[in-house]
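Below: the structure, in structure tokens.
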Amino acid sequence: MEVVRVENLTKIYGRGDAQTLALIDANLSVESGELIALLGPSGSGKTTLLTSICCINEPTRGRIELDGVCVFDEGWTGMDVRAVRRQKMGVIFQAYNLIPFLTVLENVALMLTLNGIGQDEAQPRALELLEYLEIAHRWHHYPSEISGGEQQRVAIARALANNPKVLLADEPTAALDTERGKIVMSLLRRLSREKNAAVIVVTHDVRMVEGFDRVYHIADGRIQN
Amino acid sequence: MNLAIRDIRRHKTRFLLTCIGLGLLLTVVMAMSGIYRGLIGDATRVVEATPAQIWVVQKDTRGPFAESSRLPEDIEHSIAAVEGVRRASPVSFQYVQIPRGDKAIRLFLIGYKLGGIGGPPVIVAGRTITKKHYEMVADRKSGYAVGDTIHLGLENYTVVGLTQGMTSPAGDPAAFVSLADAQIIQFQLDNDAIRNNRERVVSTYAQLASMNPFMRDKATTKALAAAENPHFANAIVAELEDPSMGPEVANYVRRWNHYQVFSSEQERELLLKGFIEKSQKQLWLFRTILVIVSGVIIALIIYTLTMDKLREIATLKIIGAADRTIINMILQQSLLMGLIGFAVGYALIKKTYTLYPRTTILQPLDMMVLLGIVVVICVLASVLGIWRALKVDPGTALSGG
């Protein structure tokens, strides 16, 4: 089932002589359970594509459909994009972006409480996810008290908490060494299969995309298979 | 889970120090409200404690507190005879300053006719005045104890009892003496002054050569007696059979053309206008400034707390947190700061207000109003932080660490 559909997406920054074509007629389709990579050097447009799919960067033109719902069609369609993110998406950040004043367990449970689930239900479910990602023993620690690899696992647990249809990962291994980076990538592979989520990973590191279903190269704003 | 409290835990030292500072500011605001209430209480205490509905004073004056007033003591009988008056009494008021060690204590001396109106309303130690002379009842605030001797004018007075809560309109402790003693203290001249005065009167009348010597001696004697007569009071207070007869009795006495008559309410108004108005404005100004300063402090701290977590706010936005969640977090922090500050201020003022040199009265209504103002200030103070938080671009959460 197709959960992400991007058609002729273009993003132009600036105006007149100062305008920059960040993304040009990008087309992309991702199915449930599929793991794809957007590979490209810095400034190639991969993050622009990711933030557009994430509904935080308004494209100049084109169309975006998420889980069968059109969120952008030459303009935002009026959907509550934050609700779309909250209910259908999980985001994994390069710098983990855990909330520093919440414990590991609370960081994961936060995603559930944002979706209206009560504390009594949210915490056991968060703990289950932490167990699934083998980080449950750190549940009471603050992010500053655990390693980078552990923080990224917690961030993945948070991204999975709302059973997302789409999992977006922005350079998830950039802050990790190669070995830990590969572990995270294999985890994402596992998640795409077991959780049946469409996983889109943005990376510039070609070594990390081994075993991906599809790899898209982006250069100068254009997607190449 | 409460994001506001979780975040505060991270900055608890800064947050608590700000709350304490805010609490100190609010203590001053509460103290000013209390002092204002104390000013009103002090200014009107004598009028409130005197069970009289009518105050008769010298004509064309606003006596006996706002202006000086002097009238013969014996008109109490004429006033007592007016229909509707149950009883009338002369009273006198004056300030005395008594050296005590290297300090000086000011007393508001109230002279009253024993058994009449205007005496100490309550005795908390010792007894009331029973002898016509040389006995005094002092307010506890004066620091005197039963048995102390005080030198006033030409005589020594013994403190035979203590009263409580009686002050002058300016807040000085009151002391009660018999009217006779008060008249001596206020009007009686010392021996040298009497001698000089007599010589001046005699020499003045001696110059009236054309006057019959018999008549001149009579006139001289009368003039001397008038000059040395201490039988004056500052006001005659009257208790009525029926308080609603006040206007009627007042109009009747005014028709005599020699006296001014005020009701207790009018006396109260005169005191409040004369003693309180400027202080009230001053206190309002200070209170307003301090409340604004409190608001600015809350706004600055909440703004810096918000600036410290812009990345977290961007992350919250990207994972789908509604604006409501972010607004609540900032608003709750602001309200919590204000409420803790208020609690600190309230605890502090409750512990210390009795130590203030001026009478300080804490009224629950004033505290409730201040609490309401603090809540409004907190809401307004959080606007800057909320505005900054709502402006955060969620995309900033995606940039590298």
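The values are calculated or read from the model by the stated rules, or taken from the named source; none is laboratory data. Keep in mind it's a predicted model, so treat the numbers as computed, not measured. Here the Cβ is made from the backbone with ideal geometry for all residues, glycine too, and neighbour counts use every protein chain on show.
The criterion of at least 2 residues that are in contact (Cβ under 8 Å) with a residue 12 or more places away in the chain and at positive phi is met by none of the strands (runs of 3 or more DSSP E) wholly inside the range A:124-225. For A:Val166, are the conditions met, namely being touching a Lys or Arg at 6+ places or on another chain (Cβ under 7 Å), at pLDDT 90 or above, buried (at least 22 other Cβ atoms within 10 Å of the Cβ) and more than 21 Å from A:Val104 (Cα to Cα)? In short, yes. Screening B:Ile298, B:Ile319, B:Ile326, B:Ile276 for residues that are buried (at least 16 other Cβ atoms within 10 Å of the Cβ) and without any contact (Cβ under 8 Å) to a residue 40 or more places away in the chain leaves exactly one candidate, B:Ile319.
Note on the range B:31-133: enclosed strands (runs of 3 or more DSSP E) holding 3 or more residues that are in contact with a Leu (Cβ under 8 Å, 6 or more places away or on another chain), not aliphatic (A, V, I, L, M) and not assigned by TED's automatic domain parsing to the domain that holds B:Leu348 are B:85-100. Take the conditions (1) polar (S, T, N, Q); (2) under 30 Å from B:Gly118 (Cβ atoms); (3) more than 28 Å from the chain's Cα centre (by Cα); (4) buried (at least 16 other Cβ atoms within 10 Å of the Cβ); B:Gln186 misses just one of them, which is (3).
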